[in-house]
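K.L.:
Handing you a structure now.
Each reported figure results from applying straightforward, stated rules to the coordinates on display, with no laboratory input. Treat the numbers as computed from the prediction; the structure is a model and nothing was measured. Cβ coordinates were reconstructed from backbone atoms using ideal geometry, including for glycine residues, and neighbour counts include every protein chain displayed.
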Amino acid sequence: MIRRTLMAALAAAALLPATGMPQNAIQPGDIVVAQIGPFTVLPAPDPKELNEGIRAALDEINARGGIQGRRVALITLDDTYTYDGFRQQLAVAMEKKPVALLTPLGSATLKGVLDNKLLDSTDIVILNAVPGASVLRAPGHPRLFHIRAGDEQQIHKIVNHARTLSIRSMGVLYQNIPIGSSGLASARAAAAELGGIDIVDAASSTDAAAIAQAAKTLAAANPQSALVVGAPKFVGESIAALRKAGVSQQIFTLSYLPAPALMKFAGDGARGVGIAQTYPNPRGATLPLQRDFRAAMGKTHPNLQAYTTFHMEGYVTARVFAEAARRSRGLTPAGIAQALQGMGEVDLGGFRVNFAKGNLGSSWVDIGVVSGDGKLLY
């Protein structure tokens, strides 16, 4: 009982809309959007950082008069990192009549949403699900729109980059959940397409002993590089285990674990790890998007000392929603979906999104390398 009460209190403290008002303080005429995510249970800051980025963008939008003269209100709900939790919270969210659901997170949860046809029971549009596993995109759902480049595109970039470094073998340590098994399939497909690189693999659960054994298995195979695919905590612990098992070769992973978090798991073993990136550097100031992002974050979150790629992702997601909402003939889920498909290429200031050919909006991928002080070098 005490644990449930504490979790509820922590969740409530985090769940504030763009205006800073309590999440149930929706005013007549507001445009409502929702974020349902694992604000508790998941041992990573990703949902909270996505939320902070969304709130920064919505504060910026509301300060400029909102959309079509209406304020945008954000409701935020905790699904405790389970499909059942998501299903229950979606029902709660729908009572507020949101026009879009922003950045839900969790491969198993989202796979459950698709497998159980949960979206067919509502008219809601989902904008930018995390992760970008292929299993969530093919065939996907007509009202599930992905902004970030998918795992398949990230892995293709990683495998191609490895080949340019004259790497001829890659060990894949993957978590036995949809994001992991889908990632292994993508690595094999990329290797087959590009040629000249062999794939060996080891699967693991989240159990520490299982991760250690999988790391030893890959170390014994002695590939020239390694790729780790899974949830953020799994990735961090697996990279630490690979280093402990003696793997000194180049290690790569996908965009879900920020460099500072990797440092907490792997310490100096994080140095040199290549992390695929699906958004521009949140610490940069070259692109107009980067400057807009930093200005908005500074106003909404003046006490934040560092910005992550998840902050940027939340910010971009809300900006894309706003572009669609401004073009929507009716501020309804159907209107938002039609606007996303019909607005063509949208340049947010150096980062482009285009849903004209389908529900995949961006193919932008870069690789950042973790420095000794836990920063990404692009």
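K.L.:
Looking at the square roots a ≥ b ≥ c of the eigenvalues of the Cα gyration tensor of the stretch 151-277, which shape do they give, rounded for a/c under 1.5, prolate if a/b is larger than b/c, or oblate?
P.N.:
Note, shape of the stretch 151-277 comes out rounded.
K.L.:
Okay, moving on. Can you compute the helix-only [θ] at 222 nm over the chain? Use -39500 (n - 2.57) per DSSP H run of at least 4 residues, normalise by all residues, nearest 500 deg cm²/dmol.
P.N.:
-13500 deg cm²/dmol, from helical runs alone.
K.L.:
Quick check: from the Cα gyration tensor, does the stretch 264-378 come out rounded (a/c under 1.5), prolate or oblate?
P.N.:
prolate
K.L.:
Listing PHE355, PHE293 from the residue with the fewest other Cβ atoms within 10 Å to the one with the most, what is the order?
P.N.:
Working: PHE355 24, PHE293 30.
Listing PHE355, PHE293 from fewest to most nearby Cβ atoms yields PHE355, PHE293.
K.L.:
If the viscosity is 1.306 mPa s and the temperature 10 °C, what Stokes-Einstein diffusion coefficient in µm²/s follows for the stretch 246-294 when Rh is the Kirkwood radius over Cα pairs?
P.N.:
Values: Rh = 12.4 Å.
Value of D from the Cα-based Kirkwood radius: 128 µm²/s.
K.L.:
Within 10 Å of each candidate Cβ there may be at most 13 other Cβ atoms; applying that plus a DSSP loop requirement, which GluC sites (Glu not before Pro) in the stretch 268-347 survive? Write out the running numbers ahead of the final one.
P.N.:
Working: sites: GLU313, GLU323, GLU345; in loops: GLU345.
Of the GluC sites (Glu not before Pro), the ones in loops of the stretch 268-347 whose Cβ has at most 13 other Cβ atoms within 10 Å are GLU345.
K.L.:
Right, next: Could you please rank MET94, MET170, placing first whichever residue has the fewest other Cβ atoms within 10 Å of its Cβ?
P.N.:
MET94, MET170
K.L.:
What FRET efficiency would be calculated for the residue pair VAL200, THR164, taking the C-beta separation as r and a Förster radius of 25 Å, to the nearest 0.05? Walk me through the numbers on the way to the answer.
P.N.:
On the way: r = 20 Å, r/R0 = 0.82.
Calculated value: 0.75.
K.L.:
Give the order of LYS357, LYS216 when sorted by the count of other beta carbons within 10 angstrom, beginning with the fewest.
P.N.:
Lowest to highest Cβ neighbour count: LYS357, LYS216.
K.L.:
Would you tally the net charge around GLY65, using a Cβ to Cβ cut-off of less than 12 Å, leaving GLY65 out, and scoring K and R as +1, D and E as -1? Show your work: numbers first, answer last.
P.N.:
Working: positive: ARG64, ARG70, ARG71, ARG326; negative: GLU60.
Here the count lands on +3.
K.L.:
Find out how many positive minus negative residues lie around SER238, taking Lys and Arg as positive, Asp and Glu as negative, among other residues whose Cβ is under 15 Å from that of SER238.
P.N.:
+2
K.L.:
Measuring from the lowest to the highest alpha carbon on each principal axis, how far does the stretch 93-136 reach, largest first, in angstroms?
P.N.:
Each principal axis gives a Cα extent; for the stretch 93-136 these are 29, 19, 12 Å.
K.L.:
Where in the stretch 117-168 are there trypsin sites (Lys or Arg not before Pro) that are in a DSSP coil and have at most 14 other Cβ atoms within 10 angstrom of their Cβ? Could the numbers behind the result be given before it?
P.N.:
Numbers: sites: LYS117, ARG137, ARG143, ARG148, LYS157, ARG163, ARG168; in loops: LYS117, ARG137, ARG143, ARG148, ARG168.
Loop-located and lightly packed - LYS117, ARG168.
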